[in-house]
Amino acid sequence: MVNIQGEKRLTKLLASPAGVCVSVACEKVVQAIDIAKHSEEYADVIEIRLDSLSHPEIEPFVKNLTKPLLFTNRPEWEGGSFPGPEASRINLLLQAVQHDCALVDLELKTAPELRGELLDVLLKHTQTALIVSWHDFSGTPSSAELGEILQQQIESGAHIGKIVTKANDYKDVLRVLNLQAIAEDSNFPLIAFCMGPVGKISRLATIKLGGYMTYAAPEGGKETAPGQIPVSDIRDMLSRFSAS
């Protein structure tokens, strides 16, 4: 049975950039909810890093938070903290989809059969968008390699792509931000920016260049990636941009 309301919600979610996502990574669910609540006034989306929780759950976040929720369960092999079997990792994302969360994040390098399992569930829970992500914590590939990664994301069944690299110089930043133009030509929403001190400017610039979303550190919480800016500072900088 087609979920018309769910499809309308998904269409609205994808129709325009989401804006600022606050990424919350804590060991305890209660602490994560508290930090997320303190950031809701600044956030467009709240990301819950399931891989940081000692006992990950979905329902408490759905019940206690009002902003659209993104659930991520990043494996150790892509810079995250989840150490267990892939089937267990994906099962938590499946639970999030079944709770009709706004977004889930799945790594491009995830086994195709597990991605297919998630896509099958998304066909029934049509109000959840899939972000297919790719990260490089050491550097930034060539333009050709980045273009190939983007093309794989477009063909993966994703609603939104995410490409985040470590910038070692300004040329790295320019190569990643240039992906926005390629994604726009394909009508594919893309999250693209760089980590690290050099890449910090891209976390702001990506929003002004058509990027779907940027990520910020929560109020009173720790960053989940190098160079992440506190959400209140991001909001202040964006408002100054709009006023000038």
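Readers should treat all values here as calculations from the given coordinates under stated rules, not as data from a laboratory. These numbers were taken from a predicted model, which means no experiment stands behind them. So basically every Cβ, Gly included, is an ideal-geometry build from the backbone, and we count neighbours across all protein chains shown.
Apply the a/c threshold of 1.5 to the C-alpha gyration tensor of region 79-133 and tell me whether it is rounded, prolate or oblate. Verdict is prolate for region 79-133.
Pick out which of Val231, Val30, Val62 has the largest mean-square fluctuation in a Gaussian network model of the chain, springs linking Cα atoms closer than 10 Å. The residue that fluctuates most here is Val30. Contact order, relative form, for the chain: 20 percent (alpha carbon pairs under 8 Å, 6 or more residues apart, mean separation divided by residue count). Between Leu238 and Glu59, the simple spin-label model (points 7 angstrom out along Cα→Cβ) gives 3.3 nm.
Straight-line cross-link partners of Lys166 among the lysines, defined as a Cα under 28 Å from its Cα and at least 8 positions apart when in the same chain: Lys109, Lys200, Lys208, Lys222. Per-residue ellipticity at 222 nm computed for the chain from its helices equals -13500 deg cm²/dmol, with DSSP H segments shorter than 4 residues left out and the rest contributing -39,500 (n - 2.57).
Take the alpha carbon atoms of region 125-154, find their center, do the same for region 187-244, and report the distance between the two centers in whole angstrom. The distance from the Cα centre of region 125-154 to that of region 187-244 comes to 18 Å.
Once the chain from Leu174 to Asp100 is taken as fully extended at 0.36 nm per residue, the excess over their C-alpha distance is 23.0 nm. A compact globular protein would have a Cα radius of gyration near 2.2 N^0.38 Å; the ratio found for the chain is 0.94. Remark: spin-label model distance Glu27-Glu40 equals 2.6 nm, labels positioned 7 Å along the Cα→Cβ axis. Region 79-212 gives an Rg/Rh value of 0.98, both radii derived from C-alpha positions and Rh following Kirkwood. Across all Cα atoms of region 25-80, the radius of gyration (one decimal) and Dmax (whole number) stand at 10.9, 33 Å.
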